[in-house]
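In what follows, a single structure is set out as structure tokens and then discussed.
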Amino acid sequence: MLLRAVPQGLLAGLAGVAVMTAGEKLEQRLTGRPDSYMPARTLQRLIGLPERRREQSRTLNLGMHYGLGAAAGIVRAVMANAGLRGPMASAMFTVIRLTSDQMLENGTGAGSPPQTWPRRELAVDLLHKGVYAFATGAVADVFAARRGPSPGQRHAAVRPGRHSDVGPPPGTT
């Protein structure tokens, strides 16, 4: 499953980042909010580069923005291949995406915990990460559905819930 999920997730994650970025640009035009260089600052700290002015960080910013989105997409593709699909799975993945950002930003000291942010800034971040998660999920779900139902979905078709006496026999997944 993991061998399938890696390329599917990379593509789904890149699609999700593209949709999120388009939404961010639209929101910025409407609100006047400037570009965020937090991805570049986080990457610079992660790999030990000196921090540069914003203009010099554009390539690093885009690399981290798209790179983290593509990498996180692998998690969503694993979820889809395991049978965690649809809006509920994308909502769960939204939390994973937000958490991955915050671990990196807070771990490097580039950012501060979200509970310390102004509410408007927090709402904007939640909105954009949600857009990313649902767009990524839609693509990952399409890829996973090509193989049919997952073992968990086959289990649920026999008897919903967690039951050790139900499900496909070992080795048939």
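Taking the listed residues G69, G48, the one that is within 18 Å of T136 (Cβ to Cβ) and not aliphatic (A, V, I, L, M) is G69, with no other qualifying. Residue check: is D101 touching an Asp or Glu at 6+ places or on another chain (Cβ under 9 Å), at pLDDT 90 or above and of a type in the set (D, E)? Against the criterion (touching an Asp or Glu at 6+ places or on another chain (Cβ under 9 Å), at pLDDT 90 or above and of a type in the set (D, E)), D101 qualifies. For R147, indicate whether it is farther than 22 Å from V6 by Cβ, surrounded by fewer than 17 Cβ atoms within 10 Å (Cβ to Cβ) and over 21 Å from the mean Cα position of the chain (by Cα). No; evaluated as a whole, the condition is false for this residue.
Kindly evaluate A72 against the criterion of being closer than 30 Å to S150 by Cβ, in contact (Cβ under 8 Å) with a residue 24 or more places away in the chain and in contact with a Phe, Trp or Tyr (Cβ under 9 Å, 6 or more places away or on another chain). Answer is yes for this residue.
Does any residue of the range 34-46 turn out to be over 13 Å from the mean Cα position of the chain (by Cα), β-branched (V, I, T) and closer than 18 Å to G69 by Cα? Yes: the range 34-46 contains one or more residues that are over 13 Å from the mean Cα position of the chain (by Cα), β-branched (V, I, T) and closer than 18 Å to G69 by Cα. Taken over the range 38-78, the criterion of being crowded, with 21+ Cβ neighbours inside 10 Å and hydroxyl-bearing (S, T, Y) is satisfied by T42 alone.
Suppose the filter is under 14 Å from A70 (Cα atoms) and either within 13 Å of the chain's Cα centre (by Cα) or crowded, with 16+ Cβ neighbours inside 10 Å (or both); does G23 pass it? The answer is no for G23.
Listed by first and then second residue, the pairs linking a residue in the range 83-98 that is surrounded by fewer than 16 Cβ atoms within 10 Å (Cβ to Cβ) to a residue that is aromatic (F, W, Y) and in a helix (DSSP H, G or I), with Cβ atoms under 9 Å apart and 6 or more places separating them unless they lie on different chains, are P87/F134; A91/F134.
R29 meets each of the listed conditions (1) assigned to a loop (DSSP other than H, G, I, E, B); (2) at pLDDT 95 or above apart from (1). Checking each residue in the range 126-159 for being without any contact (Cβ under 8 Å) to a residue 12 or more places away in the chain and part of a loop (DSSP other than H, G, I, E, B) picks out R146, G148, R159. Of the residues making up the range 106-125, those that are in a helix (DSSP H, G or I) and surrounded by 11 or more Cβ atoms within 10 Å (Cβ to Cβ) are N106, G107, T108, P114, E121, L122, A123, V124, D125. Within the range 3-26, can one find any residue that is polar (S, T, N, Q), under 22 Å from E121 (Cα atoms) and assigned to a helix (DSSP H, G or I)? Among the residues of the range 3-26, at least one is polar (S, T, N, Q), under 22 Å from E121 (Cα atoms) and assigned to a helix (DSSP H, G or I), which makes the answer yes.
The values are calculated or read from the model by the stated rules, or taken from the named source; none is laboratory data. Note that the coordinates shown come from a computational prediction; the quantities given were computed from them, not determined experimentally. Cβ atoms come from the backbone with ideal geometry, glycine included; neighbour counts cover every protein chain shown.
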